[in-house]
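Coordinate-derived values only; no laboratory data. Just so you know, these numbers come straight off a predicted model, no measurement behind them. Please note: Cβ atoms are built from the backbone with ideal geometry, for glycine as well, and neighbour counts cover all protein chains shown.
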Amino acid sequence: MFTPFSRWWSALGTLALVLTVPSPSQAQATGLSETQAMRRALRSAPAVHAARSSLTAHHGVSRAAGGALVGPPRVELSAGARRSGPADTGLELSLGAWQDIAVSGLGDARRGYARALTAESRAWLDVVRRDTAARAALAWVEARTARELLTLRMQIEKDAAELERIVAARVSVGRAPPSELSLARSVRGRAHADVLASEGRLHVAEVRLRFLAGLRADSKLTLSGPLVLAEPQHEPSEIELVKRALARSPALAHLASAPRTSEALARSTLAAAAPPIAVGPSISREGTGDLIFLGRVSFPLPTANPAAFEAARLRANAASARAELARLRTEIELATRLAYHERYHARDTRNALWSGAVLPAREALREANRRYEAGEAELALVLTARRELSAAQERWTESAADVRRADVELWQLTGWPSRLDGGWSP
């Protein structure tokens with residue numbers, strides 16, 4: 001029974017529900033690894049859904065391929081009068097049926113075209129899925145790189161603030177000229193501007209990653225997984241990767257299916273345009289009352305091919321596609337070789353920067369800071385060491401990202417490194 005207290009309990013229940021449902025700002029952040037980004041992209045990308053819908057539609061084409069009957073049967077009716085004299089009139093009727101039957105293999109040709117069309121759609125779906133997964137992986141690498149750079153620059157700004165404090169203390173006791181304090185403030189201001197630039201880059205990268213991964217635009221995002229990975233125990237050679245690319249490239253498989261589809265369509269076009277044989281019975285009633293039963297057959301004379309032009313055009317398209325296939329094979333081989341060398345060059349650059357630039361610059365900055373605080377060195381030495389360390393760390397981060405990007409490009413072409421297959425086969 002409804003009472004005045006029921007209204008209060010209802011209001012309190014609604015308030016409790018509102019307070020317990022987290023707002024977008026209170027929602028837990030979505031942890032996203034490179035593999036998870038690829039999987040989510042394959043589930044939510046509009047391009048993948050469109051390609052899969054096209055494949056489903058082409059399955060329907062296979063079911064509608066039909067058989068040898070060209071069309072529905074036709075019925076012919078004739079009526080008239082026979083007049084053999086002034087008073088001798090009789091009604092004549094004729095009723096017949098015709099059925100056109102293809103004798104050129106129309107059903108088989110259409111089914112062959114439907115199979116070729118389905119195979120081409122399936123190959124295109126593989127292309128779209130591979131490209132979508134690669135785009136998601138690259139977006140994850142970009143977001144991870146932007147976050148690493150932001151963390152690095154925030155630390156640089158923090159160190160710049162500490163340097164400004166030390167310089168201010170030295171200036172206050174007359175151990176350094178006021179110009180050094182202005183210089184330290186300038187360094188801190190530039191470090192803050194670098195942080196803002198990194199925040200902008202991270203925002204753009206995360207917006208793109210959310211879109212590709214099918215996440216809400218206002219969802220929180222945390223990236224799981226390191227930027228630098230351990231090297232695989234076995235790495236295929238350049239020749240092995242080229243062979244894998246030529247054997248497994250979805251783009252090559254899709255382009256290879258195009259000539260088969262054009263040739264199958266040419267055969268279907270020729271079969272559909274070939275004149276059919278028409279068969280059927282007929283019954284006639286003459287004016288005298290006699291009935292005549294006949295079986296009829298009609299067949300064309302092979303004097304012309306009405307579909308010759310269309311078939312020739314489709315076969316020309318198939319020849320062009322085969323020539324394009326040869327060109328694409330060359331381009332994929334080139335891209336694979338370049339990606340292979342880019343990966344190893346980026347890895348060597350990353351390692352060289354770490355051992356030859358980052359570590360020495362860290363030691364140089366520590367020593368410069370110690371000597372400056374002790375009054376044994378000028379501020380210029382500290383700023384030079386800071387500048388070298390900052391540049392070395394940022395270049396090292398970008399080189400580490402270049403290695404990951406080259407991994408994604410190689411996987412898109414060859415299917416290696418296999419660790420990315422976890423995102424390809426959800």
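Key figures
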{"item": "Built amide H within the under 5 Å cut-off of W416, gap 5+", "result": "W411"}
{"item": "Between the stretch 204-242 and the stretch 248-322, the alpha-carbon center distance in angstrom", "result": "52"}
{"item": "Percent antiparallel among DSSP beta bridges (both partners in the chain, rounded to 5)", "result": "90"}
{"item": "Electrostatic dipole magnitude of the stretch 330-426 [Cβ: Lys, Arg +1; Asp, Glu -1; Cα centre; debye, to 20]", "result": "220"}
{"item": "Gained length - D421 relative to A273, 0.36 nm times residue gap less alpha-carbon distance", "result": "48.6 nm"}
{"item": "FRET efficiency, 1/(1 + (r/R0)^6) with R0 25 Å, evaluated for L301 and E92 via beta carbons", "result": "0.25"}
{"item": "Charge context of A114, other residues only, Cβ under 15 angstrom, K/R +1, D/E -1", "result": "+4"}
{"item": "Burial order of peptide ranges 32-38, 51-57, 109-115 (average beta-carbon count within 10 Å, highest first)", "result": "32-38, 109-115, 51-57"}
{"item": "Relative contact order [Cα under 8 Å, 6+ residues apart], the stretch 284-426, whole percent", "result": "25"}
{"item": "Size of electric dipole in the stretch 90-172: Cβ of Lys, Arg +1 and of Asp, Glu -1, about Cα centre, debye, nearest 20", "result": "440"}
{"item": "Full-extension gain in nm, A50 to R63, via 0.36 nm per residue minus C-alpha separation", "result": "2.6 nm"}
{"item": "Nitroxide proxy distance, nm - points 7 Å out along Cα→Cβ at K243 and S172", "result": "7.2"}
{"item": "Formal net charge of residues neighbouring E263 (Cβ-Cβ distance under 11 Å; K, R +1; D, E -1)", "result": "+4"}
{"item": "Whole-number percent relative contact order across the chain, with pairs defined as alpha carbons under 8 Å at least 6 apart", "result": "24"}
{"item": "Label corresponding to Cα Rg over 2.2 N^0.38 Å when calculated from the structure given, among (i) 1.75; (ii) 1.33; (iii) 0.98", "result": "(i)"}
{"item": "For the stretch 332-344, 3J(HN,Hα) per residue [Karplus equation, 6.51 cos²θ - 1.76 cosθ + 1.60, θ = phi - 60°, Hz, x = Gly/Pro]", "result": "5, 4, 4, 4, 5, 5, 5, 5, 4, 5, 5, 4, 6"}
{"item": "Spatial separation of Cα centroids for the stretch 359-390 and the stretch 97-114, in angstrom", "result": "85"}
{"item": "Relative contact order for the stretch 228-325, counting Cα pairs under 8 Å that sit 6 or more residues apart, in percent", "result": "35"}
{"item": "Built amide H within the under 5 Å cut-off of A176, gap 5+", "result": "V171"}
{"item": "Net charge dipole size for the stretch 179-285 [Lys, Arg +1 and Asp, Glu -1 on Cβ; Debye, nearest 20]", "result": "580"}
{"item": "C-alpha long axis of helix 106-172 to longest principal axis of the chain, angle in °", "result": "10"}
{"item": "Residue-count net charge about D126 - beta-carbon cut-off 13 Å; Lys, Arg +1, Asp, Glu -1", "result": "+3"}
{"item": "Amide proton proximity set for L223, modelled H, under 5 Å, gap of 5+", "result": "L32"}
